[in-house]
Structures are given as structure tokens and as C-alpha cells.
Amino acid sequence: MNRKAQVPADSEVQDAVFDSVAELFAVLSTPIRLKIISALCNGEKNVSQLLEEIDTTQPNMSQHLSTLYRAGVLGRRREGTQIRYRLESERVATLCRAVCTQVAIEMADDAALRPGERLLPRR
């Protein structure tokens with residue numbers, strides 16, 4: 001049996017990694033989803049609690065919660081008539097925190113970073 005045929009080529013592994021990262025970034029690509037993740041960093045909340053923190057409609061909130069849940073970013077549990085949401089992936093929260101912190105730094109002090117260190121495109 002040819003061992004090479006069983007082991008994926010480096011380019012196949014790299015393609016799978018890039019596909020997975022692009023899928024994750026697509027899930028995180030809306031400000032409201034980032035706000036939801038941020039709101040859940042300190043513990044689980046129900047939809048009403050999230051709506052107190054995030055300015056959107058209940059149907060829109062539910063749609064984004066569902067997307068994050070299906071992607072495995074959030075977990076949920078029923079408590080009486082309420083559904084409580086929690087972060088299922090601390091790694092996703094860490095990634096969001098790191099990127100948002102870096103962007104905030106760049107926005108606050110535009111001149112402090114060289115072009116090669118920036119995440120944001122020049123305006």
C-alpha cells in the first residue's frame with residue numbers, strides 16, 4: 001500500500017485550514033455577533049438580558065444567536081420558559097478579544113503603528 005496516498009498533501013491540509021478559518025471569520029463577520037460574544041464573556045444570559053445590552057430587535061437577536069449556536073460558538077440550556085446562552089468556545093472569545101483590542105488601539109492612536117503592524121487598512 002502506498003503510504004503517500006493516505007497522508008494528505010501539505011497543500012490539502014493548508015487548504016482545509018484556510019477553509020475552516022474563513023468559515024469561522026464568516027460566522028464572526030457581523031458586529032452584532034461580536035457584541036453577543038462580548039456580552040456572554042462574563043457568563044450566560046437569556047435573550048431579554050442580551051437585548052438590554054445590545055440595540056437590536058428580538059427576531060434579529062434570535063437569528064444571530066441561532067447562527068452562533070449552529071456554528072458551535074454558543075451553547076444553550078432551557079431554564080423554565082427561558083433559553084440561556086453561554087460561550088461554548090473560549091478560544092473564539094479570546095480571538096475576538098485580541099482582534100477587537102488591536103483594532104481599538106489602532107483607532108485610538110493612528111500614528112503609533114507602522115504600516116506593517118496594522119490590521120486596519122489606511123483610510
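The values are calculated or read from the model by the stated rules, or taken from the named source; none is laboratory data. Model, not experiment: these values are computed from the prediction. FYI the Cβ positions are ideal-geometry reconstructions off the backbone, even for glycines, and counts take in every protein chain you see. For accessibility, only protein heavy atoms count, side chains too; no ligands or nucleic acids. Shrake-Rupley method; radii C 1.70, N 1.55, O 1.52, S 1.80 Å.
Per residue, the chain exposes 72 Å² of accessible surface when a 1.4 Å probe is rolled over the protein heavy atoms with every protein chain present.
Given +1 on the Cβ of Lys and Arg, -1 on the Cβ of Asp and Glu, and no further charges, what dipole in debye does the chain carry about its Cα centre, rounded to the nearest 20?
On the way: 17 positive and 16 negative charges, 53 e Å.
The calculated dipole for the chain is roughly 260 debye.
Counting helices only, and only those DSSP H runs with n ≥ 4, report the 222 nm mean residue ellipticity of the chain as the sum of -39,500 (n - 2.57) divided by its residues, in deg cm²/dmol to the nearest 500. Provide the component values of the computation, followed by the final result.
On the way: 6 runs with 70 residues, N = 123.
Estimated from H runs of four or more residues: -17500 deg cm²/dmol.
With q set to 0.09 Å⁻¹, the log10 of I(q)/I(0) for the chain, from the Debye formula over equal scatterers at the Cα positions, is -0.38.
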